[in-house]
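Structure record follows, encoded as structure tokens.
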Amino acid sequence: MTAPYKLILFDLDGTLLDTLEDLAAAVNHALSVRGLPLHSLQEYRAMVGHGVRNLVRQALPAGSDDALIDAALADFKTFYTAHIDLHTRPYPGIQELLHDLHAAGMLLAVASNKFQAGTEKLVREFFPDIPFAAILGNREGCPLKPDPEIVAEVLRAAGDLSREETVMVGDSRTDMLTAANGGISAIAVGWGYRSMEPSENWRLAGSVTELRTLLFGRPFYVGDPVSAPPERPSTPLQKLVYETFAQLGIPFSRVDTDPGITMEDCAQISGRIGVDIVKTVFLCNRQQTAFYLYVMPAGKPFVTRDFCAALGIPRVSFASADKLLELTGAAPGAATILSSVWPASSGVRLVLDRSVAASSAFACTDGTPTCFVRLATRDLLEKYLRGRGIDVI
């Protein structure tokens, strides 16, 4: 795989992570303790991207003095730091894309106007396996984007690569101007907090799949369906899955793909394999003593409140990649109910959406992000999962 770039600078908020709800909650907290009017999520969408001081200043009444801005900013930072990841999540497909870019030998960096401690905390939490060349946020004495100094600093950290080998990926005109000022290429993303249009000065990626194509230089690959296991299994779980199919006499078809699954990628895979790919999420309670593998239709949003109410359990959140690998044998981005044969999976509660359980055919990853398998739902439930307790909600 030949890539057109060697170094990629990513904006954070609105590009890699959807942080808007947590930012809005923190600013509204700082306003509420002062009895000031609050703002809607949509109003905050137009305020973010220029540093948290500017965000707080815009949220305060017009004409607020520096003393009020400083005090509100301090309250914002205290609240935001304590609740920084309550609603924040990577955009679908971003974690897989970053892993694939790193695996292809590209250097990655984050260039954000968020305060440095918050930038580092979120990057380390959501992308712990990515060795970023630089993680740069708003720091004392350092100019914010669109000043070109942040581009120069990343280039130095990456070993002085040429500007021709570098690209900035962001969701705002500030990011695009940063790239222009720094003399590097730019790609605007269409899922962030700004409405971006194509321009002669940057390219537009309307989806993570399109961004992948621009960064790798070729479209997402989906192979032809085959009915034989991989010649060389890439993980112990993948090997175990196909051995179990053979032992139980379960027919299947599968397709090989590029890694990194977005909704657009899943649509391509579903079209090739002939049935919609399911979505599987791996969850845990706050104490990390109870774990859940929940399978639902790909287009259905996961609502924590509804899930917990259906099972009669306390609030859950997404479990870590380490626990996913330990308890299911699956790679990040490849959670699958087929990991029920993994020895450590006995401690994981299996949960199926009612519509999935009622379907005639079932398709999911085989425990890797590069292969998807189809089988009869009846074979899944009555043969593969025989003897395992399953909750259908």
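Readers should treat all values here as calculations from the given coordinates under stated rules, not as data from a laboratory. Note that the coordinates shown come from a computational prediction; the quantities given were computed from them, not determined experimentally. Every residue, glycine as well, gets a Cβ built from its backbone with ideal geometry; the counts of neighbours run over all protein chains shown.
Numbers for the structure displayed
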item	result
Of every Cα-Cα pair in the stretch 20-82, the percent that sits beyond 13 Å	55
Set of aspartates and glutamates with alpha-carbon distance to residue 6 below 14 Å, sequence-local pairs under 8 removed	100, 160, 164, 165
For the stretch 243-327, the Rg and Dmax computed from alpha carbons only, in angstrom	15.7, 41
Dipole magnitude of the chain, debye to nearest 20 (Cβ charges: Lys/Arg +1, Asp/Glu -1, about Cα centre)	980
Least to most buried among 139, 212, 305 (fewest other Cβ within 10 Å first)	305, 139, 212
Proportion of all alpha-carbon pairs of the stretch 236-392 beyond 20 Å (%)	46
Given the chain, longest segment not containing exposed loop GluC sites (Glu not before Pro) (DSSP; at most 11 other Cβ within 10 Å)	232-393
Interchain or long-range residues, amide H under 5 Å from residue 107's placed H	7, 8
Cα-based Rg of the stretch 155-302 normalised by 2.2 N^0.38 Å, two decimals	1.40
Alpha-carbon centroid distance for the pair the stretch 142-178 / the stretch 200-255, whole angstrom	33
Ratio Rg/Rh [Cα only; Rh per Kirkwood] for the stretch 304-350	1.00
Cross-link table 77/121; 279/300; 77/114; 77/323, entries beyond 19 Å C-alpha to C-alpha	77/323
Residue of 180, 133, 71 that the Gaussian network model of the chain assigns the largest fluctuation, springs spanning Cα pairs under 10 Å	71
Rg/Rh for the stretch 148-214, where both radii come from Cα atoms and Rh is the Kirkwood radius	0.98
Radius 13 Å from Cβ of residue 235, net charge of other residues (Lys, Arg +1; Asp, Glu -1)	0
Cross-link reach list, aspartates and glutamates versus residue 383, counting only Cα pairs under 19 Å and skipping chain neighbours closer than eight places	243, 353, 366, 391
Average Cα contact separation per residue, the stretch 236-392, under 8 Å, 6 or more apart, as relative contact order %	30
Ratio Rg/Rh, restricted to the chain and using Cα atoms, in which Rh is the Kirkwood radius	1.00
Dimensions in Å of the stretch 115-241 - Rg and Dmax from alpha carbons	18.7, 60
Kirkwood-Stokes translational diffusion coefficient of the stretch 76-124, alpha-carbon pairs, 37 °C, 0.692 mPa s, µm²/s	262
